[in-house]
Amino acid sequence: MVSEFVFATAQYESGDWDSAPLVPANVIDAVARYTSVPVAPQGAVVALASEQLLRHPFVWLTGHLPVRFSEAERDMVRRFVARGGLLFVDDHNHDIDGEFHKSATEEIRRTIGPLTQLPNTHELYRAFFTFADGPPTTSHELNGWGDNLVHTHLLAHVRDGRLAVLYSNKDYSSEWSFHPDNKRFMSVDNTRFAVNLVVYALTR
């Protein structure tokens, strides 16, 4: 029996880990809509310090507030990455000078290692849909919210040729935070990039 993919949201002790509660259902809908990946209809909230983290190939972490991992969280994230998991961290503020960005990137550096720009030719952008220009721009960037910048690259920590941590300043947390039924009003479904993230995590 093929096990189902479960969309996992990281619950961490600091900050507001649950700041975008509509995102899991929307990404689950996108994976089910476009791919043949068996996907669970409900996501899971997984404590970052829990052994349950190791059951998931892909974990999403977001928030607005400062992020400070406990030692237990740090140890489990290291184990998660060592086992081949992909941690996707998205700044819900879209602000490179904000407290989430500064604290989260520092915690990633302390826990896993440095982040560097991910080339826009990386296989992630062809893992299912093709994004020839790299990470798709969000409406929040184009409307000048946050830091008034359009971030042309994501940041990443690569281990053994595989993405271990992916970091976004683009605020996909806001971009994907709507009920899936509202996709019918869009000319292009903006959750397609989430499909690439999931497919990459499951196949690389």
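The values are calculated or read from the model by the stated rules, or taken from the named source; none is laboratory data. These numbers were taken from a predicted model, which means no experiment stands behind them. Methodologically, a virtual Cβ is constructed for each residue, glycine included, from the backbone with ideal geometry; neighbour enumeration extends over all protein chains shown. These area figures cover heavy atoms from the full protein model, side chains too; ligands, DNA and RNA do not enter into them. Shrake-Rupley method; radii C 1.70, N 1.55, O 1.52, S 1.80 Å.
Being crowded, with 21+ Cβ neighbours inside 10 Å and out of contact with any Leu (no Cβ under 8 Å at 6 or more places or on another chain) is the filter; apply it to segment 30-55 and report the residue that is farthest from residue 200 (Cα to Cα).
Top of the filtered list is 53.
Where in segment 103-204 are there helices (runs of 4 or more DSSP H), lying wholly inside it, with at least 2 residues that are within 28 Å of residue 36 (Cα to Cα)? Working first, answer last.
Working: elements: 139-142, 172-175, 192-203.
Counting at least 2 such residues, we get 172-175, 192-203.
For segment 29-56, which residues satisfy the criterion of being hydrophobic (A, V, I, L, M, F, W, C) and assigned to a helix (DSSP H, G or I)?
30, 31, 32, 53, 54
Restricting to segment 183-204, name every residue that is of a type outside the set (Val, Ile, Thr), farther than 18 Å from residue 43 by Cβ and open to solvent by 60 Å² or more (accessible area, probe 1.4 Å).
Once the filter is applied, which keeps residues that are of a type outside the set (Val, Ile, Thr), farther than 18 Å from residue 43 by Cβ and open to solvent by 60 Å² or more (accessible area, probe 1.4 Å), segment 183-204 yields 184, 185, 186, 187, 192, 204.
Being open to solvent by less than 20 Å² (accessible area, probe 1.4 Å) and touching a Lys or Arg at 6+ places or on another chain (Cβ under 9 Å) is the filter; apply it to segment 86-111 and report the residue that is nearest to residue 163 (Cα to Cα).
86
Which residue out of 156, 132, 127 is among the small types (Gly, Ala, Ser), at pLDDT 95 or above and either in contact with a strand residue (DSSP E or B) (Cβ under 8 Å, 6 or more places away or on another chain) or surrounded by 22 or more Cβ atoms within 10 Å (Cβ to Cβ) (or both)? Can you show your working first?
Details: 132 fails: either in contact with a strand residue (DSSP E or B) (Cβ under 8 Å, 6 or more places away or on another chain) or surrounded by 22 or more Cβ atoms within 10 Å (Cβ to Cβ) (or both); 127 fails: either in contact with a strand residue (DSSP E or B) (Cβ under 8 Å, 6 or more places away or on another chain) or surrounded by 22 or more Cβ atoms within 10 Å (Cβ to Cβ) (or both).
Selected residue: 156, the only one of 156, 132, 127 that is among the small types (Gly, Ala, Ser), at pLDDT 95 or above and either in contact with a strand residue (DSSP E or B) (Cβ under 8 Å, 6 or more places away or on another chain) or surrounded by 22 or more Cβ atoms within 10 Å (Cβ to Cβ) (or both).
Here is a check on your reading of the model: is residue 74 open to solvent by less than 50 Å² (accessible area, probe 1.4 Å) and more than 24 Å from residue 150 (Cα to Cα)?
yes
Can you tell me which residue within segment 15-29, out of those that are closer than 9 Å to residue 191 by Cβ and not β-branched (Val, Ile, Thr), is surrounded by the fewest Cβ atoms within 10 Å (Cβ to Cβ)?
Per the criteria, the residue is 29.
What pairs come up if the first residue lies in segment 100-113 and is without any contact (Cβ under 8 Å) to a residue 60 or more places away in the chain, the second is in a helix (DSSP H, G or I), and their beta carbons are under 6 Å apart, counting only those six or more places apart or on different chains?
Pairs found: 111/74; 111/77; 112/81.
For segment 57-80, enumerate the residues that are in a helix (DSSP H, G or I) and closer than 22 Å to residue 92 by Cα.
Within segment 57-80, 73, 74, 77 qualify.
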